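Chemist: My questions all concern the structure below.
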Amino acid sequence: MYLDSSFLTIDAGFQPSVGRLLVAEPFMNEPYFGRSVILLTQHSNLGSMGLVLNKPLKLYLHEILEGVKVEENIPVFCGGPVGSKSLFYLHNLSEVPQSFQIAKNLYLGGDFEWLMDNLNAGLGTVAKVRFFLGYAGWDEGQLLDEIKNQSWLVTKMATEEILRMPGYENLWSRSMQSLGGKYKRWAEFPQNPNLN
């Protein structure tokens, strides 16, 4: 899918908020966050939380949870280095009880038993939910410092597209290319310049 400027754009204010994306600068060489795109699910003066969208694990939901009866392999993503044994999920199912709205048509968590019952019943929820192990977290002021130090670009995306978008592995480079100008050139920058 080609990402045009209506899909992903730089936020001129560079202010993080719930529902915005953080795109790693190309020079960040870190196992969890290098070339990552993170959806902010929480942001306040006390700290921030997000889920890495483009780091699929070599795991499927039925391998980490008992009782998954869906025949389709449901991938699990690495949400970040904190709480790596905790399962998080994004979805566009407004009817999930106790879910937290991140943006229009995008929710975090909610009643897990309700979700699993509907998943196992084959009610079309597989394509409407993404699962993550762990999350990315920042203490008070830490994220703003990292943005000032040019570790992250704050962007906005048509959030209803987050669950539908194919090719999560290429999300970072496609995001950079779609921003044009110097960002398009950054998409071609090698992850490890020493290997070039």
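Chemist: Between ASN45 and PHE112, what is 0.36 nm times their sequence separation minus the Cα-Cα distance? Round to one decimal in nm.
Modeler: 21.2 nm
Chemist: I've got another one for you. Which shape class, rounded, prolate or oblate, goes with the range 64-192 when its Cα gyration tensor gives a ≥ b ≥ c as root eigenvalues, a/c under 1.5 marks rounded, and past that a/b bigger than b/c marks prolate?
Modeler: Verdict is prolate for the range 64-192.
Chemist: With every protein chain kept in the model, how would you rank ILE38, ILE147 by accessible area, 1.4 Å probe, largest at the top?
Modeler: Of ILE38, ILE147, the descending order of accessible area is ILE147, ILE38.
Chemist: Follow-up question, since we're still on this one. If packing is taken as the average count of other Cβ atoms within 10 Å, what order do 175-186, 66-77, 18-29 fall into, highest mean first?
Modeler: Answer by packing, highest mean first, reads 18-29, 175-186, 66-77.
Chemist: Sorting check: for 117-126, 86-95, which peptide has the highest mean count of neighbouring beta carbons within 10 Å, and how do the rest follow?
Modeler: 86-95, 117-126
Chemist: Might you tell me the accessible area per residue for the range 26-135, computed with a 1.4 Å probe and given in Å²?
Modeler: Here the per-residue accessible area is 51 Å².
Chemist: Here is a follow-up. Sort ILE102, ILE64 from largest to smallest accessible area, using a 1.4 Å probe on the heavy atoms of the protein chains.
Modeler: Accessible-area ranking of ILE102, ILE64, largest first: ILE64, ILE102.
Chemist: Related question: When only the heavy atoms of the protein chains count and the probe is 1.4 Å, how do ASP139, ASP111, ASP145 rank by accessible area, highest first?
Modeler: ASP139, ASP145, ASP111
Chemist: Calculate what fraction, in whole %, of the accessible area of the range 41-159 sits on carbon and sulfur atoms when a 1.4 Å probe is rolled over the protein chains.
Modeler: The computed percentage sits at 46.
Chemist: A further question on this structure: Give the cross-link partners of LYS104 among the lysines, using a straight C-alpha distance below 16 Å as the criterion and excluding same-chain residues fewer than 8 apart.
Modeler: Excluding near neighbours in sequence, the set is LYS128, LYS156.
Chemist: For the range 25-100, state the average projected area of the convex hull of the C-alpha atoms over all orientations, rounded to one decimal in nm².
Modeler: That works out to 7.1 nm².
The values are calculated or read from the model by the stated rules, or taken from the named source; none is laboratory data. Since the structure is predicted, the reported quantities are computational estimates derived from the model, not experimental observations. Quick reminder, even Gly has a Cβ in these numbers, built from the backbone with ideal geometry, and neighbours come from all protein chains shown. Ligands, DNA and RNA are stripped out before the accessible areas are found, and what is left, the full protein with its side chains, is counted by its heavy atoms. Shrake-Rupley method; radii C 1.70, N 1.55, O 1.52, S 1.80 Å.
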